[in-house]
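Enquirer: Starting off with a structure, shown below.
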Amino acid sequence: MFETIDISPRVGTEVKISKADLVSGKYAAEIEDLIKKRSAVVFKGMGLSAEEQLEFAGTIGTVTLLGENGLSKISLDPTVSDTADYTRGAFYWHIDGANDLYPAKATMLTAETLSEWGGDTLICNTYAAYDDLPDEKKEEYSRIKVRHALEATQRMVHPDYSYAELQRWRTRPSQTHPLVWHHKDSGLKSLVMGATAYYVHDMSREDSDAFLAQIMDYATQDQYVYRHKWTVGDLLVWDNTGTMHRADTYSLDSKRLMNRTTLEGEEALS
Ligand SMILES: [Fe+2]
């Protein structure tokens, strides 16, 4: 069984497949293709164990070895996750690894414990947003470069940051990326922005803030966004190179727990 149901015209497809076929990689090529074309792919109620999730991930890419052999626990509870503090940055639109030269190729989450309220995951298709730009904007944006830094996200999470915190954030990698990512393998173009976008080069702070807010408003319009409402066991996979994602607000003391696997980036963002 391999059935696909497009959820909205521009983003999101549900796949119906047996767990055995998913984990074995029988349809890996089809799934990889769907992730690229539809940005977000959902396998409802799949109920993968940690081992099964890693096995499936290995059929569509190279697993990044973080957490327990590639499975990171995403939680706001510091007794569960040692990156709980940074997870608060996930409430804002972002690209995983945007502060690196090689952002993750794809990210996947399995829902283990849900939040009592909120906590949907939203994926925004930035290939589609780029495609719909008028030609003069495509031309204008092709010259724009943006600085990405952890500091930008953490300033939102901790608006009353100390000098020591600022110094700590600044020890992490930061990058200057083009606003438009021209993917060499597919020839497609996507927009690169989100909470890590700190400032636009060669613009005043005022103009840069206004520009970034405007382009975020544009790219996150409803027609480009898939909102996933979780049920325990759902598996959600997205193409991290042509999307942004965020978690909708949920209680900071929630026990919400997601098991995340990321696939190694295959193309430098340049
Ligand atoms: Fe993320």
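Only the coordinates and a few stated rules stand behind these numbers; no lab work does. Note that the structure is a prediction, hence the values are computed from the model and not measured. Note that each Cβ is placed from the backbone with ideal geometry, even for glycine, and that neighbours are counted across all protein chains shown.
Enquirer: Please state the charge dipole magnitude for segment 1-127, taken about the Cα centre, from unit charges on C-beta atoms (+1 on K and R, -1 on D and E), reported in debye and rounded to the nearest 20.
Expert: It comes to approximately 420 debye.
Enquirer: If packing is taken as the average number of other Cβ atoms within 10 Å across a peptide's residues, how do 257-268, 26-37, 119-130 rank, most packed first?
Expert: Working: 257-268: 20.1, 26-37: 17.2, 119-130: 23.0.
Top to bottom by mean Cβ count within 10 Å: 119-130, 257-268, 26-37.
Enquirer: 222 nm [θ] for the chain, helices only, -39500 (n - 2.57) per DSSP H run of 4+, per residue, to 500?
Expert: Values: 9 runs with 75 residues, N = 270.
Value at 222 nm, helices only: -7500 deg cm²/dmol.
Enquirer: Taking 7 Å along the Cα-to-C-beta vector as the label spot, tell me the E68-T113 distance in nanometres, rounded to one decimal.
Expert: 1.4
Enquirer: Let me ask something else about it. Looking at the square roots a ≥ b ≥ c of the eigenvalues of the Cα gyration tensor of segment 115-265, which shape do they give, rounded for a/c under 1.5, prolate if a/b is larger than b/c, or oblate? Present the calculation step by step, with values, prior to reporting the outcome.
Expert: Numbers: a/c = 1.77, a/b = 1.16, b/c = 1.54.
Oblate, because a/c is 1.5 or more while a/b does not exceed b/c.
Enquirer: Oh, and also: So for each of 199-210, 97-108 I average, over its residues, the number of other beta carbons within 10 Å; can you give me the resulting order with the highest mean first?
Expert: 97-108, 199-210
Enquirer: Still on this model: Near K26, which lysines are there with a Cα under 16 Å away, not counting those fewer than 8 places off in the same chain?
Expert: Within the straight-line cut-off, K26 pairs with K16.
Enquirer: Within the chain, what percent of beta bridges assigned by DSSP are antiparallel, to the nearest 5?
Expert: Close to 95 percent.
Enquirer: What does the charge dipole of the chain about its Cα centre add up to, to the nearest 20 debye, if the Cβ of each Lys and Arg holds +1 and the Cβ of each Asp and Glu holds -1? Intermediate results must be reported in sequence, preceding the final value.
Expert: Working: 29 positive and 42 negative charges, 32 e Å.
Here the chain has a charge dipole of around 160 debye.
Enquirer: Let me ask another. Rg over Rh of the chain, using C-alpha atoms and the Kirkwood radius, what does it come to?
Expert: Working: Rg = 18.1 Å, Rh = 19.0 Å.
With Rg and the Kirkwood Rh in hand, the quotient comes to 0.95.
Enquirer: Say the dipole of segment 2-263 comes from +1 at the beta carbon of Lys and Arg and -1 at that of Asp and Glu; which of Y226, M216, I7 then lies farthest toward its positive end?
Expert: M216
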